[in-house]
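Below is one structure; the comments refer to it alone.
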Amino acid sequence: MAFSQCDHDWEGRYYHIDQILDAPGPRTDEGFMAGDGVKDFLRNQSKILVIGAGGLGCEILANLALTGFKDIHVIDMDTIDISNLNRQFLFRQKDVAEFIMNRVPGVKVTPYFGKIQDKDDDYYLQFNLVICGLDSIEARRWINATLVNLVDPENPESLKPLIDGGTEGFKGQARVILPTITSCYECSLDMLNKPTAFPICTIANTPRLPEHCIEWASVLEWPRVYGDKKMDTDNPDDITWLYTIAAARAKEFKIEGVTWSLTQGVVKNIIPAIASTNAIIAASCCNEAFKIATSSAAYLNNYFMLIGTEGIYSYTFEHEKKKNCPVCGGDAVSLAVKPDMTLEELIEMLTERQDIQIKNPSLSTPTKQLYLRAPPQLEEATRPNLLKTVSELIPGGGEVTVTAGTLPFSLSLDITFT
Amino acid sequence: MIKIWSMKKNEDAATKKKPKTSAAQIRVQKDLTELDLPSTMKTHFPDPIDLLNFMLTITPDEGQMLLLPHAHDQYLNFLLLGMYKGGAFTFSFAINTNYPHDPPKVKCTQTIYHPNVDLEGNVCLNILREDWKPVLNLNSVMVGLQYLFLEPNADDPLNKEAAQEMSKNRDQFLHNVKSSMRGSSIKGVQYDKVLA
C-alpha cells in the first residue's frame, strides 16, 4: 500500500490499528471500506480541526497524531500561564505544533493563534471533523452555531461532526454532535451548572470567605476606582491590584487564605484541572473521531459523562434534540414573495398562513430590525418599515428571524423574490 | 465519514439552513417584544438599533399591601407603602453575547437612598447574580427591580446606613427617602434629585 506508507512511517507503526481497519468486525458499519480504502481516507484525505490547545487539547492532539490522523489543524487564543504547564505537556503554544511533528513523524500540524471567530465558513468547510477541548461556554456556543449553520442539505459533506470534550476537576464529558441531526450544544445549555456567584450584599457587608474578599475587589472596587475601564484578567498587573485590595479587605475582616493565585482563580473562574480526567476525556473524544472517520465501529450516541469524584462513575445516554432550540430547532420556511410586497403585507401573509399560526410577529435580519411590536419606542422606530417593500429592506432576499409569543422560540424565513 | 454524510442525504429534504442570527440576539428580541410591563416601567433605547444596551425607568406607585401574618408587621409595612412614589429611577441594562447564560448587567444610574442599592449604583437582587437562570428573562429582572422599591429589604443591605435606619427607625427612614429624592444630602452623602 504505497499511498498509506510515506517515508516517515516506521516498520510496524500501524500494526495494531490495522487490526481494526483491515477487516470488518461484527459491529462495523455496512459502509466500512476495510483495508486500503479506509486507511487512505484516514491517513491521506481526512483533515481534522482541534479547537483549544490547553490541558485537554494537548491530550487530544497527541492521541490524534498517534491514531494516524495526518493533517491536523489547531486553533488556540489563550496565552500561556505557568499554572497550566503541569497538564499542557506539549509545553508552549508556539511549540505545540513543532513538538508533535517531531515526536510523530509524518504528521502535519498547522497551528493558528487567534480567535475561532476570526475564521469564516470557508475555513471550517475544509475540515471533515472538529474536536473541541475548550473551557469557554461562549466559544462552544459559537462553534456549535457555526457548524449547524454550515449544513447545506444539498451538500452532505457540509455536515461536520463536532466532538466536544470538557472537564471540570474530576468530572468530564464527551459528546458527539452531528449538526442538525442530533441535539446540539445549545440544546443542552440549561444542563450547565451555573457559575458560583455570591450575593452582592454578602460581598459588601458580611464577607466570610477569601472568595468574598476577592469578589469585593473585582465586582465592587474595580468599577468604583476605574469606572468603565475593563479588567484584563490575563494581565498580571490587574490581578496584583485586585490581590492587594482583596488582601486588605481580608485583613480587616480577619479572613485567611487570600493569595495571588486564588485571586486569579476566582476572577478567571479557573477550576482546578486534573491531568487524568483530561486524559480520559481526550481518549474518549479521539476514539469517537477515529470511529466516525473510519466507520470501523458504532460511534457514541451521543453523550458520555464521567464523574470521578467518588470512585468512577460514567453514564452514556442520548441527549435529545430540543424542539425549540434557538440554534438547531424551530422551523425554517422558504418564502418566495413579489419584490413589491410591503413588509406589512408580508406580516399579514404570515399571520394568515395556517401552517405557521403566528400572532403579532416581530421580524429582524441578522444585521437590523425590520419590525418590532414592543417596547413602544422600538415599535415607533421600526413602524416606517411597514410601508417599505421587502426588496428594499432586504435587497437580494435572505434570512429573516421571526419571534412571537405564540411561537415556542423563533421561526426562520428564507426570503426569495419571484 | 461516508456513513455520516449518507445520513444527511437520507434525512428529510425539507431541513433548511438555520439562521445566522445569534441565539443571544434572537432571545433578546423575543424578551423585549414580549415584555409585559406595568405603566410604572418604561424602557428607553439610546440607539434603537442596539437592543443590547438600554435604560429602564421605574416610577413606583403605592404597590399592594402584603397580608402578613402578624398585625405588627402589617402595620410596619403599611407605613412604608408607596415610600418611593413620585420618584423616577433609571437603570442601565447591558446584555452580552453570552445571554441568557450570563445575566444582564444592571446598574442604577443615579445616586439613590435605598437599602439594596449602593452609591455606585450596584443593585442587590438575587436574580441578577447568584440566582440567575437562563429560563428567567428581562421581564423577570424588571419586575424584580420594581419590587425592590415596593419592598426594600433591610436584611440584604448595600447601603448600610439606609438599611439600619429602615430597621431601627422607620419614620426617620421614610423622611430620609423623601428628602433624598428631592436631592438633599444625608449623613454627608449627596443624593440625586429623582422626582418625576
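Round to a whole number: what % of the accessible area of segment A:200-267 belongs to carbon and sulfur, probe 1.4 Å? Could you put the intermediate results ahead of the total?
Numbers: 1850 of 3530 Å².
Of the solvent-accessible surface of segment A:200-267, carbon and sulfur hold 52 percent.
Which residues, if any, in segment A:382-403 have at least 40 Å² less accessible area in the whole protein complex than in the isolated chain, probe 1.4 Å?
Residues passing the criterion (a loss of at least 40 Å², heavy atoms only) are A:GLU399, A:THR401, A:THR403.
Classify segment A:200-267 from the C-alpha gyration tensor, please: rounded if a/c falls under 1.5, else prolate or oblate depending on whether a/b exceeds b/c.
Judged from the Cα gyration tensor, segment A:200-267 comes out oblate (a/c at least 1.5, b/c at or above a/b).
Report, in listed order, any pair from A:LYS171/A:LYS229; A:LYS194/A:LYS268; A:LYS321/A:LYS368 with a Cα-Cα distance greater than 26 Å. Mind showing how you got there, number by number?
Working: A:LYS171/A:LYS229 36 Å; A:LYS194/A:LYS268 15 Å; A:LYS321/A:LYS368 29 Å.
Too far apart for the 26 Å limit: A:LYS171/A:LYS229; A:LYS321/A:LYS368.
For segment A:145-220, which trypsin sites (Lys or Arg not before Pro) are both in a DSSP coil and crowded by at most 16 other Cβ atoms within 10 Å? Numbers along the way, then the final one.
On the way: sites: A:LYS171, A:ARG175, A:ARG208; in loops: A:ARG208.
Loop-located and lightly packed - A:ARG208.
Tell me, what HN-Hα J-couplings in whole Hz come from the Karplus equation 6.51 cos²θ - 1.76 cosθ + 1.60 at θ = phi - 60° for each residue of segment A:220-236, using x for Gly and Pro?
Calculated HN-Hα couplings, in order: 9, 6, 4, x, 5, 7, 9, x, 7, 4, 6, 6, 9, 6, 8, 8, x Hz.
Excluding ligands, DNA and RNA, what is the solvent-accessible area per residue of the protein assembly as shown at a probe of 1.4 Å, expressed in Å²?
Details: 28940 Å² over 614 residues.
Heavy-atom SASA per residue in the protein assembly as shown reads 47 Å².
Mind checking the mean number of beta-carbon atoms from other chains within 10 Å of the Cβ atoms in A:178-189? Write down the numbers at each step before the final one.
Values: counts 3, 2, 6, 5, 1, 0, 1, 0, 2, 0, 0, 4.
Taking all residues of A:178-189 together, the mean is 2.
Note down the relative contact order for segment B:23-190 as a percent, whole number, built from C-alpha pairs under 8 angstrom at least six residues apart. Kindly include the intermediate steps, with their values, before the conclusion.
Working: 262 pairs, mean separation 33.9, N = 168.
Relative contact order comes out at 20 percent.
Going through segment B:128-196, which GluC sites (Glu not before Pro) have at most 16 other Cβ atoms within 10 Å and a DSSP loop state? Before the final figure, lay out each step's value.
On the way: sites: B:GLU130, B:GLU161, B:GLU165; in loops: B:GLU130.
Qualifying residues, ordered by number: B:GLU130.
Is the shape of segment B:23-190 rounded, prolate or oblate, going by the alpha carbon gyration tensor and its root eigenvalues a ≥ b ≥ c, with a/c under 1.5 for rounded and a/b larger than b/c for prolate? Kindly include the intermediate steps, with their values, before the conclusion.
Values: a/c = 2.01, a/b = 1.69, b/c = 1.19.
Prolate, since a/c reaches 1.5 and a/b exceeds b/c.
May I ask you to evaluate 6.51 cos²θ - 1.76 cosθ + 1.60, the Karplus curve with θ = phi - 60°, for each residue of segment A:167-183 and list the ³J(HN,Hα) values in order in whole Hz, giving x for glycine and proline?
9, 8, x, 8, 9, x, 8, 9, 9, 10, 10, 9, x, 6, 9, 9, 4
Let me confirm one metric for peptide A:140-152, namely the mean number of other chain beta-carbon atoms within 10 Å of its residues' beta-carbons. Please report the intermediate quantities before stating the final value.
Details: counts 0, 6, 4, 0, 1, 7, 1, 0, 3, 5, 2, 6, 3.
Average neighbour count from other chains, rounded to a whole number: 3.
Taking all protein chains in place and a 1.4 Å probe, what share, in percent, of the accessible surface of segment A:308-407 do carbon and sulfur account for? Could you put the intermediate results ahead of the total?
Numbers: 2600 of 5360 Å².
After summing per-atom areas, the C and S share lands at 49 percent.
For chain A, what's the relative contact order in percent, using C-alpha pairs closer than 8 Å and at least 6 residues apart? Present the calculation step by step, with values, prior to reporting the outcome.
Working: 705 pairs, mean separation 62.1, N = 418.
That works out to 15 percent.
Once amide H atoms are placed 1.01 Å from N in the peptide plane, what residues at a sequence separation of 5 or more from A:THR342, or on another chain, have their amide H within under 5 Å of its amide H?
A:VAL390
Give the interface area between chains A and B as buried accessible surface, both sides summed, probe 1.4 Å, in Å² to the nearest 100.
Rounded to the nearest hundred, the buried surface is 5600 Å².
Let me know the shape class of the protein assembly as shown, please: from the alpha-carbon gyration tensor, a ≥ b ≥ c as square roots of the eigenvalues, rounded when a/c is under 1.5, otherwise prolate if a/b is greater than b/c, or oblate. Write out the running numbers ahead of the final one.
On the way: a/c = 2.61, a/b = 1.47, b/c = 1.77.
Oblate, because a/c is 1.5 or more while a/b does not exceed b/c.
What is the mean number of Cβ atoms from other protein chains located within 10 Å of the Cβ atom of each residue in peptide A:356-365, rounded to a whole number? Show your work: numbers first, answer last.
On the way: counts 0, 0, 0, 0, 2, 1, 5, 2, 7, 3.
Counting other chains' Cβ atoms within 10 Å and averaging over A:356-365 gives 2.
Taking amide H positions as placed 1.01 Å from N in the peptide plane, with prolines and chain starts having none, which residues 5 or more places from A:LYS171, or on another chain, fall under 5 Å of its amide H?
Excluding prolines and chain starts, which carry no amide H, the hits are A:GLY308.
I need to check one value: relative contact order of segment A:331-417, counting alpha carbon pairs closer than 8 Å and at least 6 residues apart, in percent.
With pairs under 8 Å counted, the relative contact order is 40 percent.
The values are calculated or read from the model by the stated rules, or taken from the named source; none is laboratory data. Model, not experiment: these values are computed from the prediction. Reconstructed Cβ throughout: ideal geometry from the backbone, glycine too, with neighbour counts over all protein chains shown. Just the protein is used for accessible areas: all its heavy atoms, side chains included, with ligands, DNA and RNA removed. Shrake-Rupley method; radii C 1.70, N 1.55, O 1.52, S 1.80 Å.
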